[in-house]
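This report refers to the structure that appears directly beneath it.
The values are calculated or read from the model by the stated rules, or taken from the named source; none is laboratory data. Treat the numbers as computed from the prediction; the structure is a model and nothing was measured. Glycine also receives a Cβ, built like all others from the backbone with ideal geometry; neighbour counts cover every protein chain displayed.
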Amino acid sequence: MTTVIPPDGLLLALLILPLLTAPIVWRVSPRWAERVHVLSLTLLLMLGSALAARVSTDGPVSAIGFLYVDALSALLVGLVCLVGWGAGLYAVGYLRCDVSENRLGPEAPRYFALWYHLFLGTMLTVLVVENLGLMWVAMEATTLASALLVGFYRTEQAVEAAWKYLIICTVGLTLALFGVLIMYYAGIQALGSEEAALSWRALTAAAQRLDPNLLKLAFVFIVVGYGTKAGLAPLHTWLPDAHSQAPTPVSAVLSGVLLPCALYTILRFHAITVGGVGAPFSSHVLIAFGLFSAAVAVPFILLQRDVKRLLAYSSIEHIGVVTAAIGIGGETALFAAALHLVGHALSKALLFFAAGNIVGRYGTRTLRRIRGATSVLPISSVAIFGGVLVLAGAPPSALFTSELGILGAAFQRGYAFVGVLLLSCLAIIFVGLLFHVSRLVFGQAPAGLPRGEHPGQLVLLGMPLLAVALLGIIVPPPLASMLRQAARALGLP
Amino acid sequence: MIHAPGSPSVPMDVLSIMLLATSLLLVAVRRLDLGIWLLVSQALILAGIAVDIALITGAGHAWLAVGLTVAVKAVALPTVLFRVLRSVRVRREVELVLPTKAALLLAVGAIVLSYHATGQLPFPGAVASRHALPVAVAVMLLGLGIMIGRRKALSQVAGLIVMENGVYLAALVTTMGLPLAVELGIAFDLLIGVLLLGIFAYRINETFDTINTDRLRTLRG
């Protein structure tokens, strides 16, 4: 497939497929909706990986003037397709169960698929447009496409979570729009052309000619604005609610790939700002937000009572770690940050799937009420226990390797203070997660729960767990080259 | 292209101050239907500013921005908001986080701050008005204040629109708006966003039997 289709055709197909699928799954019968949904996701995964492979071997791909994919975009495109595929497959069984137990109406899965494909499509658009204005439009569209998914179970709590998600993220993005506007103004001043003034490539190339004060001002608005969407503290307050109330496959997508997409938009501005005013300004802003996010997650993880909120706060921690790593900079830290995003997306998706199975069976998200899951759901229990181990960074795990790289870079580049603080957050959270999950997995299960689970779960949960663990032992050369190029694509010293 | 700085445009000054005045009124009013009419007037004022810019620069794209502003902000959004208002049957914002006088005092503080801050901004010679940019920043702040200070779901949506109006004014006066494709996208997002917020305001009303967002307190920690 990679040789037949030209690269720009691949890129266009990737963008059009989800938008085409959405109305189809909405209109056809439930049985066919399921089939089209799975088929389209599988096709999307093939297109996404083909595009990533192409970019990694032949360099950046562009199409119709305003689409541009370099290694960093390609890496995240691949991740969106992969997590979107896994969560989409998981959603089929998950929604069937909800419908059969009357939590949702028989029509619900079709509406779910409609918004799910639109959501994937908007995320992919964020990653491949070169125009910062259109990137903003696509980012706001991700909020809109996912809001009804977050509020999918029309309970009081779900409606509350969706309302908070929409309002807080839209306010954040309005601030980001002001940042985009300042950048546009600076671009017009320096470059003279309206076309180039919103292209991140042109702006990065001409960064030294941009007014440094405007760049700094724009960057502050961008970090606060897009940082809201990325889940950076103190603007993360929508995140635990949305992640805990959304249907589990949506939680996995929100956590594993939506947050990185939002972080990606900040990175494009970071590269411009570094080029214009030097590394210290924006790097220190990123380190401060990153550290603060990791630290804020600590007490909420230790004292958590809800299993899905536990995973949500862990996402805040991890996005904080990656943000700080990018602030630290340098080849090692950036490579590690890219690897960390991959490892986190896989392990967090796996954890949400396993937690979703357990929550479904026990009928509660309250940690205190879930005991002895090993005897009730053996596969999910092993998965959630193993998943927490690799997520928290116990070797062998991609996250162990990446955290080691990030901490090493911190000490090497004169951020010893940052390294020590990050290490203590990571260590405390490790203990906290392990404490919660071991109480959940072991002990005496309540009587009367049906036991056993579908062997298909072994594949769905086993594959990502194995992948994250293996990535901790060896990063396969094609992926390694991809990650190195992604690190370099940031154009950072 | 940045229009060469000429003599300050009087209509733009006047219209900017009117936008600020309507925002202050929005901070003070309690009747939700009056609030929506104030949003309509803000949209028309913004359209007037866009007309002024279109006349000064003769740029064809500015006329499209005028049409877009009227269609989306003066017609479509208020229609949605009135429909929601009818279906949830709420007339007045009763409980405020702050008493109106204190809120107005804070608003005046925000305006002073905006004039002070924009005086120090590095925006040399782009604005053909002494008031437009500080007003834009002040309107953003007032919109944010309305969102924080009000409890009815609809008032929060109004605050969001006011905030967006501030950003739009800033875009008009600094760069004569964003490129058309981007502005179309933003208008589309705004419309869908308000539609969704309307749907959720309706659902809050259904599930909680009130549209007070302070009842949304079950999710903590």
Of those in the stretch B:152-163 that are more than 9 Å from chain A (Cβ to nearest Cβ) and closer than 15 Å to B:L46 by Cα, the residue farthest from the chain's Cα centre (by Cα) is B:I161
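Of the residues that make up the stretch A:170-188, is at least one touching a strand residue (DSSP E or B) at 6+ places or on another chain (Cβ under 9 Å), within 10 Å of another protein chain (Cβ to nearest Cβ) and of a type in the set (S, T, N, Q)?
no
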Lone qualifier among B:G166, B:G149, B:G198 - being more than 8 Å from chain A (Cβ to nearest Cβ) and at pLDDT below 85 | B:G149
Return only the number of the condition from (1) within 21 Å of A:P477 (Cα to Cα); (2) out of contact with any Lys or Arg (no Cβ under 9 Å at 6 or more places or on another chain) that A:R35 does not satisfy.
-> (1)
Yes or no: A:A162 among the small types (G, A, S), at the interface with another protein chain (Cβ under 8 Å from one of its Cβ atoms), assigned to a helix (DSSP H, G or I) and in contact with a Leu (Cβ under 9 Å, 6 or more places away or on another chain)?
-> yes
Answer from B:G177, B:G198, B:G145 - the residue that is outside any helix (DSSP H, G or I) and in contact (Cβ under 8 Å) with a residue 60 or more places away in the chain | B:G177
Options A:F119, A:F66: the member that is surrounded by fewer than 19 Cβ atoms within 10 Å (Cβ to Cβ), within 14 Å of another protein chain (Cβ to nearest Cβ) and in contact (Cβ under 8 Å) with a residue 60 or more places away in the chain = A:F66
Which of the residues belonging to the stretch B:182-195 are at the interface with another protein chain (Cβ under 7 Å from one of its Cβ atoms) and of a type in the set (G, A, S)?
-> B:G185, B:G193
Scan the helices (runs of 4 or more DSSP H) fully inside the stretch A:345-463 and keep the ones with 2 or more residues being among the small types (G, A, S) and in contact (Cβ under 8 Å) with a residue 60 or more places away in the chain.
-> A:373-376, A:378-392, A:398-412
Filtered residues of the stretch A:271-315 (kept if more than 20 Å from A:Q208 (Cβ to Cβ) and touching a Pro at 6+ places or on another chain (Cβ under 8 Å)) = A:F292, A:V296, A:F300, A:R309, A:A312, A:Y313
When residues of the stretch A:259-316 are filtered for being in contact with a His (Cβ under 7 Å, 6 or more places away or on another chain) and free of Cβ contacts under 8 Å to residues at least 60 places away in the same chain, how many remain?
-> 0
Filter the stretch A:308-340 down to residues that are touching a Phe, Trp or Tyr at 6+ places or on another chain (Cβ under 9 Å) and β-branched (V, I, T) and give me whichever is surrounded by the fewest Cβ atoms within 10 Å (Cβ to Cβ).
-> A:I316
All positions within the stretch B:52-69 that are at pLDDT 90 or above and surrounded by fewer than 18 Cβ atoms within 10 Å (Cβ to Cβ) | B:G67
Name every residue in the stretch A:42-63 that is among the hydroxyl-bearing types (S, T, Y) and without any contact (Cβ under 8 Å) to a residue 60 or more places away in the chain, in order of residue number.
-> A:T42, A:S49, A:T57
